[in-house]
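See structure below.
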Amino acid sequence: MKILKSIFEFYLHSSIHVSIAVWSLYKISFIYLNSPYIPYLDCLVITSTIVGYNKIKFGSIFLKNKKLVSNEIKVISVLAFLIGFWCFIKVDLLIKIIFLLSFIVVFIYSIPNPYSKKNMRNTNGIKIFLVAFSWTLVTYFSLFNEMKNQNFLQYFILGLQRFVFVIVATIPFEIRDINLDENELRTIPQKFGIFKSKLIGVFLLIINSLFFFWVENINIYYITLELFVYVILAYALVKVTKYKKLNYTRFWVEGIPIFWVFNLFILSQLF
């Protein structure tokens, strides 16, 4: 039992779980846009997420004392970087530009300002938008070349929906960390309180649902599933508290896109 618990903890701690969640959102875009299979991009989404998140979580710790970061984390981060770099070389120029832009976001998110002890992550109210922007770039706009029959307005609306979804999915984490985050962060729960933050999240999901009135050429079953996923996310948001166990957010909430893509894949085979 201890071995399974250790494996599970490593799975979460090493950012493998979040990388699969990000990959799941990418595959949802892949199915929506009826994109051809791009193996190097699939791999790049997963490996870049592992590298990016481990850079944010362990980068400053590693610089202070290398021994505080486990060898397992070092190995998986280096392997992910090497494999990701190889995949990066193989993808086309537009995808390279999009991933470089995402890398820049991660870089400014975690690197201290030379004129201040803070970084962009700790800048008033901006953290949640940086996360959502980076996820949207990697999971949606990386498939810009596959627009095909999508008109630009519809393509933009689907991207905006993804951006909003990630923002709402991030609120439970901010509620969980409300007692740990510095007051200067001015996260949504710090600004508006926990109850109002939940209302904001539910309201944003309702707005996201209304966007479907401007979307065509998306299977009605896919839309129904996405609306059901919004209900699940809204429920998870309502139930979260600052006292919830860590795994509630980092496994269950973060795992919602995995549940989504699993069911979407089944629907794509049936319809």
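The values are calculated or read from the model by the stated rules, or taken from the named source; none is laboratory data. Here the structure is a predicted model, which is why all the values come from computation and not from measurement. Quick reminder, even Gly has a Cβ in these numbers, built from the backbone with ideal geometry, and neighbours come from all protein chains shown. Side chains are part of the model used for accessible areas, which takes the heavy atoms of the whole protein and leaves out ligands, DNA and RNA. Shrake-Rupley method; radii C 1.70, N 1.55, O 1.52, S 1.80 Å.
Applying the criterion of being within 18 Å of the chain's Cα centre (by Cα) and free of Cβ contacts under 8 Å to residues at least 60 places away in the same chain to the residues of the stretch 24-43, the residue that is nearest to Q269 (Cα to Cα) is D42.
So, in the stretch 14-39, exactly how many residues are of a type in the set (V, I, T), under 15 Å from E226 (Cβ atoms) and open to solvent by 10 Å² or more (accessible area, probe 1.4 Å)? Lay out the reasoning, then the answer.
Taking the stretch 14-39 and keeping what is of a type in the set (V, I, T), we get 16, 18, 20, 22, 28, 31, 38.
In the following step, the residues that additionally are under 15 Å from E226 (Cβ atoms) were identified as 28, 31.
Narrowing further to those that are open to solvent by 10 Å² or more (accessible area, probe 1.4 Å): 31.
Of the residues in the stretch 14-39, 1 are of a type in the set (V, I, T), under 15 Å from E226 (Cβ atoms) and open to solvent by 10 Å² or more (accessible area, probe 1.4 Å).
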